[in-house]
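Asks: Sharing a structure below in structure tokens format, with a few things to ask.
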Amino acid sequence: MDVIVANNPLKAQRFLQEIKGKTPLFIATIATTETGKIPGLSAAGVNPDFTDFTPPADAELLLLGKCRSIQGVPITPDGIPTPALITTSALHLADIPVLIVNGGVKVKPQVPYIDVNGSPGRDIRSGDSVDNVEEVIERSTVVGEHLAKTSDYLVIGESVPGGTTTALGVLSALNIVAQGKVSSTLPANPHDLKAQVVAAGLSAAAQKFGNFQGDPIKAISAVGDPMMAAVAGLVIGASHKTPVLMAGGTQMTAVLAVINALEPKALCNLAIGTTRWVTQDQTSDICGIVNQFCDVPIIAADLNFGTSQYPGLQIYETGLVKEGVGAGGASIAAMAQSSGAVDKQILLKEIERNYASLMMQTKNSGSNSSSSK
């Protein structure tokens, strides 16, 4: 398999051996937060307000191969397509089924989904970011318990713009050193801006909640995002019954910290699945975060777009985007299920094929939009 083991090699190899040749269920957990609209924090969407449409469009792309909530596909301000392109390609190659969980979005996806009664997140600078966290965790735990019975293992990804900043907030609230360690969709990681936003949120939350440090429910409520509650519940419910690959970057470290605080026994059957671009990112340290509080292994899909014929994919090698919508975990799952039939070169060809198709969709939708004005 074209994977890189970033930490805890013995546990990582055991996990990979356990999922080899098995059929997973891929779950995309979508959410939005006003934090993602703070200028300079996220590359998800052509402008801050567009981030409301990115997660539902990602969900539609995974299930339909095209988007309904928007014309074309979600792109960064630089014109780079959503990492859901990677996820879709990997899942299609391995014929892996997909389910959407709505953790709390402002714009509902135009595809079927499971709703756990979450609400869109507010700006964490308010110190009061997410509603009914405990209820969402409880509902998601029930969902996780039942979905664990349907497949050999679960791969759980996320789409929430601004998620690395809320991750920094929750990690900080749980007394984990994370400043300068969380990743970014941008090549120049805006650590100072993230730190300022989180500091404002923690200060405001202290006035509302008093001493909330170390409390995972209050941490998400104060400075987190809705995805965290939903994914934490899914993992807690499922991991007692089946292996779970948490598909994402440093956002998943915050969810892992929440699980560790709520249900540490749930960590025994987990791994984080991400991309090489995250584990080798010089501006963040995913292993440095996780190793502070647990020994859950981190595995990275060894994707490389440097040889791609498309500049829009080659740019991933510069540090733009890096991960999202479970791209790394989906790639690992596709390679593990196929027992060698899918490798990173075959996956790149499928990604390029889908990239060309999606860019044509985007071009045509732009032409149609222009002609209709």
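The values are calculated or read from the model by the stated rules, or taken from the named source; none is laboratory data. Only a predicted model underlies this, so the values are computations on that prediction, with no experimental measurement involved. Virtual Cβ from ideal backbone geometry, glycine too; neighbours counted across all protein chains shown. The accessibility values were calculated without ligands, DNA or RNA, using every heavy atom of the protein model including side chains. Shrake-Rupley method; radii C 1.70, N 1.55, O 1.52, S 1.80 Å.
For every residue, the table says whether it meets (1) touching a residue at least 60 places away in the same chain (Cβ under 8 Å); (2) part of a helix (DSSP H, G or I).
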{"residue": "Val296", "(1), (2)": "yes, no"}
{"residue": "Ala300", "(1), (2)": "yes, no"}
{"residue": "Gly312", "(1), (2)": "yes, yes"}
{"residue": "Ala336", "(1), (2)": "yes, yes"}
{"residue": "Ala341", "(1), (2)": "no, no"}
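Asks: Any idea which residue in the range 133-142 is surrounded by the most Cβ atoms within 10 Å (Cβ to Cβ), counting only those that are over 13 Å from Ser239 (Cβ atoms) and within 19 Å of the chain's Cα centre (by Cα)? Walk me through how you get there before you give the answer.
Replies: Looking only at the range 133-142, we keep the residues that are over 13 Å from Ser239 (Cβ atoms), and these are 133-139, 142.
Those left that are additionally within 19 Å of the chain's Cα centre (by Cα): 133, 136-137.
Details: Val133: 25, Val136: 25, Ile137: 27.
Selected residue: Ile137.
Asks: Considering the range 264-288 alone, what residues qualify as being open to solvent by 10 Å² or more (accessible area, probe 1.4 Å) and of a type in the set (A, V, I, L, M)? Can you show your working first?
Replies: Here is the first cut: in the range 264-288, the ones open to solvent by 10 Å² or more (accessible area, probe 1.4 Å) are 264-265, 267-269, 276-277, 279-285, 287-288.
Passing the criteria: only Leu267.
Asks: Restricting attention to the range 123-152, report how many residues are within 18 Å of Ala167 (Cβ to Cβ) and in contact with a Pro (Cβ under 8 Å, 6 or more places away or on another chain).
Replies: 2
Asks: Another question about this same structure. Please determine whether any residue of the range 319-338 is within 19 Å of Leu16 (Cα to Cα), open to solvent by 10 Å² or more (accessible area, probe 1.4 Å) and modelled with pLDDT under 95. Before the answer, list the steps.
Replies: If we filter the range 319-338 for residues that are within 19 Å of Leu16 (Cα to Cα), which is where we start, we get 326-338.
Narrowing the set further to residues that are open to solvent by 10 Å² or more (accessible area, probe 1.4 Å) leaves 337-338.
Next cut, modelled with pLDDT under 95 only: 337-338.
So far as the range 319-338 goes, yes, one or more of its residues are within 19 Å of Leu16 (Cα to Cα), open to solvent by 10 Å² or more (accessible area, probe 1.4 Å) and modelled with pLDDT under 95.
Asks: Oh, and also: In the range 100-127, how many residues are aliphatic (A, V, I, L, M) and either surrounded by fewer than 21 Cβ atoms within 10 Å (Cβ to Cβ) or modelled with pLDDT under 95 (or both)?
Replies: Taking the range 100-127 and keeping what is aliphatic (A, V, I, L, M), we get 100-101, 105, 107, 111, 114, 116, 124.
Now narrow it down to the ones that are either surrounded by fewer than 21 Cβ atoms within 10 Å (Cβ to Cβ) or modelled with pLDDT under 95 (or both): 107, 111, 114.
So the answer is 3.
Asks: Surrounded by 24 or more Cβ atoms within 10 Å (Cβ to Cβ), in contact (Cβ under 8 Å) with a residue 40 or more places away in the chain, among the hydroxyl-bearing types (Ser, Thr, Tyr) and within 19 Å of Leu186 (Cβ to Cβ), is that true of Thr87?
Replies: No.
Asks: For the range 37-56, which positions are within 14 Å of the chain's Cα centre (by Cα) and modelled with pLDDT of 70 or more?
Replies: Residues satisfying the conditions are Thr54, Pro55, Pro56.
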